[in-house]
Every structure is written in C-alpha cells, then in structure tokens.
Amino acid sequence: MSDAHGSHDPGPSIDHASSGPDHFQMMHDQRHREFMASDPSYAKPWDGKRTLVIGYVLWLFLGWVGGHRFYVGQWKSGLGMAAAGFVTWIMTSLLGPYLGVPMTIWWIVDAFLIPDWIRVKNEENAARKAAEPPVLVETV
C-alpha cells in the first residue's frame, strides 16, 4: 500500500527463522510418511522368527565357535563351544590334527539338531508374541 508520500508499506513482517519447518522439510516429512505407510514390512519390527538358511550358514562358517547356537538362543552352550573350539584350534596347531576329531564330531552332530532348535525357538517366540498385547502403530 502506498500512502500520500509514495512510501510502500510491506505489511506485517514475518520471521521465517522461527516459523517452524520450511516447505521443503514438510514435503520431505510427508514423502517419508507415505513411503513408510506404503511398505508395511519396512516399518514392522523383527518378529524373532529364525530360518534354517541362516542357521546353517552360521553353522558352516562360525560353527566351531558356536555361532549357530547363539542364533537359536543357546548362549551358554555357545560359549562352551567357542571355548572348546579355541582350545581345539591351539591344540591341533601344536600337537596335530587328530585332536580336532571330537570337535568335528560335535560340529557334525549339531547339523542334525539345528532344525529342531529353530522350530522350538520359533514356537517360543510365537507363544510369547501371542501373549503380548497388540502394538498400535499410527500411520499418518
């Protein structure tokens, strides 16, 4: 607006620094919420379900240190297997490979036990999950 002297009144001043998030931030937040709502598996927490594939991969590569036992929640025997594996590694390197036979037998026997361990652990997790109250997730 102009007054009689020709000066221009810009109107009320707006402090952009304290007015909250800018348009870019609001659009980013909206796109993020839409993405999260469009892919329910992305926002869903891990349900605790174990798989045979991961169990056997851990058995194959970390079996001598009990990696597969930690995976199914048997952490005490996993620690025992890790200790035995470390001692076996030292003994076989010093005294000969035949000392690794007991550890190898333990490792092979575990291959047959993994499916049952995973089944039991998944049943325990399902029972625990059924006993918990449902979690409500708000999607915007």
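Of all the listed residues (P115, P134), the sole one being touching a residue at least 60 places away in the same chain (Cβ under 8 Å) and at negative phi is P115. For K121, the stated conditions do not hold, so it cannot be described as under 28 Å from the mean Cα position of the chain (by Cα), touching a residue at least 24 places away in the same chain (Cβ under 8 Å), surrounded by 12 or more Cβ atoms within 10 Å (Cβ to Cβ) and over 19 Å from L58 (Cβ atoms).
Table: residues versus (1) more than 16 Å from V109 (Cβ to Cβ); (2) touching a residue at least 60 places away in the same chain (Cβ under 8 Å); (3) aliphatic (A, V, I, L, M); (4) buried (at least 18 other Cβ atoms within 10 Å of the Cβ).
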| position | (1), (2), (3), (4) |
| --- | --- |
| K49 | yes, yes, no, no |
| V57 | yes, no, yes, no |
| L60 | no, no, yes, no |
| W64 | no, no, no, yes |
| R69 | no, no, no, yes |
| V72 | no, no, yes, yes |
| W75 | yes, no, no, no |
| G78 | no, no, no, yes |
| M81 | no, no, yes, yes |
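Yes/no per residue for (1) more than 30 Å from H32 (Cβ to Cβ); (2) small (G, A, S); (3) in contact with a Leu (Cβ under 6 Å, 6 or more places away or on another chain); (4) at pLDDT below 95:
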position	(1), (2), (3), (4)
A82	yes, yes, no, no
T92	yes, no, yes, yes
E132	no, no, no, yes
V135	no, no, no, yes
E138	no, no, no, yes
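The values are calculated or read from the model by the stated rules, or taken from the named source; none is laboratory data. Small disclaimer: the values here were computed from a predicted structure and weren't measured. Cβ sites come from the backbone with ideal geometry, for glycine too, and all protein chains shown count toward neighbours.
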